[in-house]
1. Of the numbered conditions (1) within 13 Å of the ligand (Cβ to nearest atom); (2) in a helix (DSSP H, G or I), V205 fails exactly one; give the number of that condition.
2. Taking the range 141-155 as the search range and keeping residues that are crowded, with 18+ Cβ neighbours inside 10 Å and either within 16 Å of the ligand (Cβ to nearest atom) or of a type in the set (K, R) (or both), which one is farthest from the chain's Cα centre (by Cα)?
3. Only one residue in I309, I261, I303 is under 28 Å from R209 (Cβ atoms), β-branched (V, I, T), buried (at least 17 other Cβ atoms within 10 Å of the Cβ) and modelled with pLDDT of 95 or more. Which one?
4. Condition first: closer than 18 Å to L276 by Cα and touching a Leu at 6+ places or on another chain (Cβ under 7 Å). Can you find one or more residues in the range 148-168 that meet it?
5. Need the failing condition index for G178 against (1) at pLDDT below 95; (2) farther than 26 Å from I309 by Cα; (3) surrounded by 14 or more Cβ atoms within 10 Å (Cβ to Cβ), just the number.
6. What do you reckon, is G227 under 25 Å from R198 (Cβ atoms), of a type outside the set (A, V, I, L, M, F, W, C) and in a loop (DSSP other than H, G, I, E, B)?
7. Among the residues of the range 125-173, what is the count of those that are closer than 19 Å to H265 by Cα and outside any loop (DSSP other than H, G, I, E, B)?
8. Which residues, taken from the range 91-140, are among the β-branched types (V, I, T) and surrounded by fewer than 21 Cβ atoms within 10 Å (Cβ to Cβ)?
Amino acid sequence: MDGTEPGPSREESPHVPKEFVIFAGTANPELAAAIAADLGMLLGACAIDRFPDGETSIQLQESVRRKEVFLVQSLSPPANEHFVELLALADACRRAAAARITAVVPYMGYARSDKRHGRREPIMGRMVADVLEAVGVHHVVTVDLHAPQIEGFFRIPVDSLTAVPHLSIYLREETSPGVVVVAPDAGAFRMATEYAHRLNGTVAVLHKRRKSGTGTQVTHLVGDVAGRACLIVDDMISTGGTLASAIEALLTAGARPELTIAATHGLLLAGARQKLIHEAVRKVVITDTIAGGPKDWPRLQSISIAPVIAGALKRLVEHRSLGDLY
Ligand code: R5P
């Protein structure tokens, strides 16, 4: 081409996918369908099954040739099953000549395995990143990564969205100005600061010592909670142990028995609900990055993250910045 010829239009460019399609793994098809609906489309057709020996069977039932593909799959329990499904979906798309593959992983499992605590341990967060890249994923979209530095495990672009602005809109009605936003451990401090900024609150931090996989102990409290209503925020509720210790520590320190809990990922493993049903806890607010959750828990409120993810995907397909997403 000489300098006088116009370049290829977006329609003609071999590098710009003309269409996109969203497939859902089995971890959270409801969320995937809600994202697709927000974008005014249906999910792509694909069959996901198990062979008699338990191995994963995938078949895309529509063409993805030269299309941009989004694969929606949270790495929620059973994480290994859901991870292999995501890999198989990506491999199927790559072999079917998809132009670009974006893994939309609302809940990034294994993210807590981001360092070695002792000798002869894996770093599973890094392994997940390596394997996703190896099967041909070009881009990852996720929500409230357990720790921001996990992005550095990937060489491909990672857009780590946050549920904080979205949940803050709801929490504004549930909390009063001057609420103390409590980080139940040092890792949640940044998130607590962000909530406090949006809710006109102040911040307090607990220092947590993990005694076991399910038990934690609070050793220090930094901040003033006496006589105040508190909002405890975290990236996830898994066994509920962290929050149960935080509730006890805050009440012991004289906080008003008017506590709200907000967490992006409600894994809510067996026993979590029992730990969090406490007369001082007015509401537990989560998003739907993880499917299911207890139905018979009136104080549990799930807010869909679909509009946030759909907004991000819309900007990605339009090659726009995500800067104005929130
Ligand atoms: C830990 O650093 C995380 O941010 C959460 O606080 C923790 O993983 C929650 O787990 P659990 O509910 O089992 O205490």
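1. (2)
2. Ranking the qualifying residues of the range 141-155, first place goes to I150.
3. I261
4. Taking every residue of the range 148-168 in turn, none turns out to be closer than 18 Å to L276 by Cα and touching a Leu at 6+ places or on another chain (Cβ under 7 Å).
5. (3)
6. So G227 fits the description; yes.
7. Result for the range 125-173: 22.
8. Matches in the range 91-140: I123, V131, V135.
The values are calculated or read from the model by the stated rules, or taken from the named source; none is laboratory data. What you see is a predicted model, and the numbers here were worked out from it, not measured in a lab. Cβ sites come from the backbone with ideal geometry, for glycine too, and all protein chains shown count toward neighbours.
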